[in-house]
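The values are calculated or read from the model by the stated rules, or taken from the named source; none is laboratory data. Values in this document were obtained by computation on a predicted structure and should not be read as measured data. Note that we place each Cβ from the backbone using ideal geometry, even for glycine, and neighbour counts take in every protein chain shown. All accessible areas refer to the heavy atoms of the entire protein, side chains included, with ligands and DNA or RNA removed. Shrake-Rupley method; radii C 1.70, N 1.55, O 1.52, S 1.80 Å.
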Amino acid sequence: MDSLRNNIPTQQALDVNQGLLRARHRNYRAAKVTQGLLVLVSIILPVIGVWVGPQIPEIRPYLALASLILLVMETALFDRIQKDRLKRGAKLQEQFDTDVFGLPWNRFVAGAQVEHEDVRRLSAKPLSKKREAHFQAWYEVCVGRLPLHLALMIGQRTNISYDARLRRRYGGWLLTLTLLFGVALLYAGLYKGLQFPDLIMTLVVPFLPVLTWALRERMQQANAAISLTNLNGEWDKIWTKALGGADASTLTAESRALQDAIYQHRERSPLVFDWVYSIFRSANEDEAHHAAEDLVRKAEKALVGGAKA
């Protein structure tokens, strides 16, 4: 039985894999900083319009122009940069997963791996001790009790489930907060005595970038959650086969196909700010830990039953 045990808990802690997670983190952090700055400017413009516009009317057309320029730049310039970062981040995570799970790299789906120099550039300096400690047990250590072909499936489900729950929670209140912000600005504008033409120039036009971002983000987060629901359905089918005693090589091949779908999902999915992760991390990690433990127990029970048969 020991020969069937896997080494996911130790493999994920190797320096080379810790470097991949560190590089992934820095890559996504750069993308999130860029997105955060764009959102911050999008918020500041309508606030300036409402609070400064009534006292300095000549600033209104400049605020409107700045908002339109920001909207165009976000679509024409920053969108391309962000997509490149998302693709690199997905590849770094895929390199980590394929090594830890013992799966072959699928060049047809993911293309070439991230250049060694780029990995080194992003991973050379250590992160905070808390973050580095989090990387040490990226996947639940309890999966080490199972054969590799079952353990990697639980790791895949953790990826799918964790991401789905986070995106549903985040997307659920993102647009609501944006709309509440817009209503608050409108109330402030009316309180300041702005007339309808002035509201258009000082509030509505400057508010367009953040509203456009929120609407697009809400739609993309919802689509990502739907995609993850579909992936979870496919995982359930493979897991049912696994508990039914399907051959390990067959299950591994199907898991490799599922991993391709997970990579493609990561490549297309919108970002989630780190502070959102922080808010939900405690609950999400507790749920992921208990889910993994439960799945491991079920797999162990199925293995014992299969051995007796």
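Pairs linking a residue in region 155-171 that is under 18 Å from residue 218 (Cα atoms) and touching a residue at least 12 places away in the same chain (Cβ under 8 Å) to a residue that is aromatic (Phe, Trp, Tyr) and surrounded by fewer than 21 Cβ atoms within 10 Å (Cβ to Cβ), with Cβ atoms under 8 Å and 6 or more positions apart or on different chains, are 165/280; 166/277; 166/280; 169/280; 170/280.
Within region 92-129, the set of residues being in a helix (DSSP H, G or I), open to solvent by less than 50 Å² (accessible area, probe 1.4 Å) and not charged (D, E, K, R) comprises 92, 93, 95, 96, 98, 100, 101, 109, 110, 119, 122, 123.
Of all residues in region 156-184, which are over 30 Å from residue 296 (Cβ atoms) and either open to solvent by 30 Å² or more (accessible area, probe 1.4 Å) or not small (Gly, Ala, Ser) (or both)? Result: 172, 173, 174, 175, 176, 177, 178, 179, 180, 181, 183, 184.
Rundown of residues vs (1) closer than 30 Å to residue 89 by Cβ; (2) among the hydroxyl-bearing types (Ser, Thr, Tyr); (3) at pLDDT 85 or above; (4) more than 21 Å from the chain's Cα centre (by Cα), yes/no style:
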{"site": "159", "(1), (2), (3), (4)": "yes, no, yes, no"}
{"site": "163", "(1), (2), (3), (4)": "yes, no, yes, no"}
{"site": "173", "(1), (2), (3), (4)": "yes, no, no, no"}
{"site": "187", "(1), (2), (3), (4)": "no, yes, no, yes"}
{"site": "196", "(1), (2), (3), (4)": "no, no, no, yes"}
{"site": "234", "(1), (2), (3), (4)": "yes, no, yes, no"}
{"site": "258", "(1), (2), (3), (4)": "yes, no, yes, no"}
{"site": "267", "(1), (2), (3), (4)": "yes, no, yes, no"}
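Restricting 71, 40 to those that are of a type in the set (A, V, I, L, M), surrounded by fewer than 16 Cβ atoms within 10 Å (Cβ to Cβ) and over 18 Å from the mean Cα position of the chain (by Cα) reduces the list to 40.
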